[in-house]
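A quick write-up on the structure given underneath.
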Amino acid sequence: RAPIELKVDYKKLNSFFADYTKNISKGGTFIKTKKPLPIGTRFLFKLTVPQREAPFELLGEVVWSQGDTEEPGMGIRFIYSSDTQRTDFESVVEQLMSSSLGSELAGKLLNKPMKS
């Protein structure tokens, strides 16, 4: 059986930043879909982002799902292989935000104090 792979392709960097600051930085995300996967399903999550050649690859697990509601979909928790993987992912995103938006705005979005 082939492993499940979910691809999320961001066309605009700002959409990725909005999702990141709202959901992804908390260690997971919400995927809107009418066909949610069963709870406990693990899969490779690939996030393709403009200005970055290689997609982010993270292991994900479905932790909750809702089918017949106004907003059907599933809640995903990222499973980092180590604290280092989480830190690496977060620092790459912060660098991307800083170079695209400027360090002051990126810091505000990430709720980080300004370095003087």
Handout entry: Links that overshoot a 26 Å alpha carbon limit, given the list Lys35/Lys108; Lys11/Lys32; Lys34/Lys108
Key = Lys35/Lys108; Lys34/Lys108
Completion exercise
the range 11-116 accessible area per residue, 1.4 Å probe, protein heavy atoms, integer Å², reads 63
Exercise for the section: State, as an integer percentage, the relative contact order of the chain based on alpha-carbon contacts under 8 Å between residues 6 or more apart. Expected result: 23
Practice task
Match the structure shown to one of the listed values [x] 2, 12, 24, 24, 18, 12, 6, 3, 1; [y] 2, 11, 20, 24, 16, 9, 6, 5, 4, 2, 1, 0; [z] 2, 11, 20, 22, 19, 13, 8, 3, 1, 0, 0 of P(r) over Cα pairs in 5 Å bins from 0, in percent, computed from it, and give that label.
Solution key: [z]
Practice task
Would you mind counting up the charge near Lys26? Only other residues with Cβ under 13 Å from its Cβ, with Lys and Arg at +1 and Asp and Glu at -1.
Solution key: +1
Problem - Over the chain: helical MRE at 222 nm, DSSP H runs n ≥ 4 each giving -39500 (n - 2.57), nearest 500 - result: -9500 deg cm²/dmol
Problem - Considering only the range 1-103, percent of DSSP beta bridges that pair antiparallel, nearest 5 - result: 80
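The values are calculated or read from the model by the stated rules, or taken from the named source; none is laboratory data. Quick caveat, the model's predicted, so the values are computed rather than measured. In this analysis, Cβ positions are derived from the backbone assuming ideal geometry, glycine residues included, and neighbour counts consider all displayed protein chains. These accessible areas exclude ligands, DNA and RNA; they are computed on the full protein's heavy atoms, side chains included. Shrake-Rupley method; radii C 1.70, N 1.55, O 1.52, S 1.80 Å.
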